[in-house]
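Chemist: Let me give you the structure first, and then I'll get to my questions.
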């Protein structure tokens with residue numbers, strides 16, 4: 001008869017073979033929306049909204065603690081591009097903080113276009129029947145989930161395209 005303790009390494013190995021979660025951040029001047037992917041990297045969900053502290057370092061320590069807590073392997077930060085795709089003052093501020101985050105976090109940090117994420121989140125919350133005061137409390141977290149979902153979908157699409165090129169190459 002097999003000892004149940006022998007199965008522990010198998011379970012640990014299976015858990016460690018999963019892709020790490022991804023954290024999405026919607027950086028605002030007063031709040032930071034935070035979203036987290038599921039373990040398979042398919043679905044983004046709002047996690048919380050952090051109230052900004054007096055300095056970015058305190059905010060970044062809180063984010064680092066969350067990254068460790070959820071076992072994230074990457075952080076995606078929303079980049080608020082202008083409608084024409086250019087970088088205005090808000091995007092430049094995010095780029096500066098992105099560099100700070102890169103130095104403060106033990107995982108890669110990447111920017112992702114977040115145009116319309118807050119608008120999409122607000123419309124979804126209106127559609128869910130939330131009144132303005134309730135929406136203000138959660139919209140940043142939902143916006144973070146919208147931008148993270150966009151990033152996850154783009155990554156999945158790139159993998160499918162790559163797989164299609166590999167299969168097409170095999171056929172020749």
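The values are calculated or read from the model by the stated rules, or taken from the named source; none is laboratory data. Just so it is clear, the structure is predicted and the values come from calculations on it, not from any experiment. A quick note on method: Cβ atoms are made from the backbone with ideal geometry, for glycine too, and the neighbour counts reach across all protein chains shown.
Chemist: Checking residue 157 against (1) surrounded by 12 or more Cβ atoms within 10 Å (Cβ to Cβ); (2) under 22 Å from residue 45 (Cβ atoms), only one condition comes out false. Which one?
Modeler: (1)
Chemist: Considering only segment 110-124, state which residues are assigned to a loop (DSSP other than H, G, I, E, B) and out of contact with any strand residue (DSSP E or B) (no Cβ under 8 Å at 6 or more places or on another chain).
Modeler: 115, 116
Chemist: Keeping to segment 126-153, report how many residues are without any contact (Cβ under 8 Å) to a residue 12 or more places away in the chain and assigned to a helix (DSSP H, G or I).
Modeler: Result for segment 126-153: 7.
Chemist: Condition first: under 20 Å from residue 145 (Cβ atoms) and free of Cβ contacts under 8 Å to residues at least 12 places away in the same chain. Can you find one or more residues in segment 69-85 that meet it?
Modeler: yes
Chemist: What number of residues within segment 1-50 are closer than 16 Å to residue 68 by Cβ and modelled with pLDDT of 90 or more?
Modeler: Qualifying residue count for the region: 11.
Chemist: Now, a different point. Of 55, 38, which residue is under 12 Å from the mean Cα position of the chain (by Cα), without any contact (Cβ under 8 Å) to a residue 60 or more places away in the chain and surrounded by fewer than 19 Cβ atoms within 10 Å (Cβ to Cβ)?
Modeler: Answer to the check: 38.
Chemist: Let me ask you something else. Within segment 24-35, how many residues turn out to be in contact with a helix residue (DSSP H, G or I) (Cβ under 8 Å, 6 or more places away or on another chain) and without any contact (Cβ under 8 Å) to a residue 60 or more places away in the chain?
Modeler: The total comes to 0.
Chemist: Evaluate the following for residue 71: is it in contact with a strand residue (DSSP E or B) (Cβ under 9 Å, 6 or more places away or on another chain) and surrounded by fewer than 16 Cβ atoms within 10 Å (Cβ to Cβ)?
Modeler: When the stated conditions are applied, residue 71 passes them.
Chemist: Still on this structure, I have one more. Would you mention how many residues in segment 80-104 are closer than 21 Å to residue 66 by Cβ and touching a strand residue (DSSP E or B) at 6+ places or on another chain (Cβ under 8 Å)?
Modeler: Number satisfying all stated conditions: 5.
Chemist: Return the only residue of 107, 142, 138 being touching a strand residue (DSSP E or B) at 6+ places or on another chain (Cβ under 7 Å), crowded, with 16+ Cβ neighbours inside 10 Å and modelled with pLDDT of 95 or more.
Modeler: Only one candidate qualifies: 107.
Chemist: Looking at this structure, is residue 42 closer than 13 Å to residue 146 by Cα, out of contact with any strand residue (DSSP E or B) (no Cβ under 7 Å at 6 or more places or on another chain) and not in a helix (DSSP H, G or I)?
Modeler: yes
Chemist: Test of understanding: among 147, 96, which residue is crowded, with 19+ Cβ neighbours inside 10 Å and either at pLDDT below 85 or closer than 30 Å to residue 58 by Cβ (or both)?
Modeler: 147
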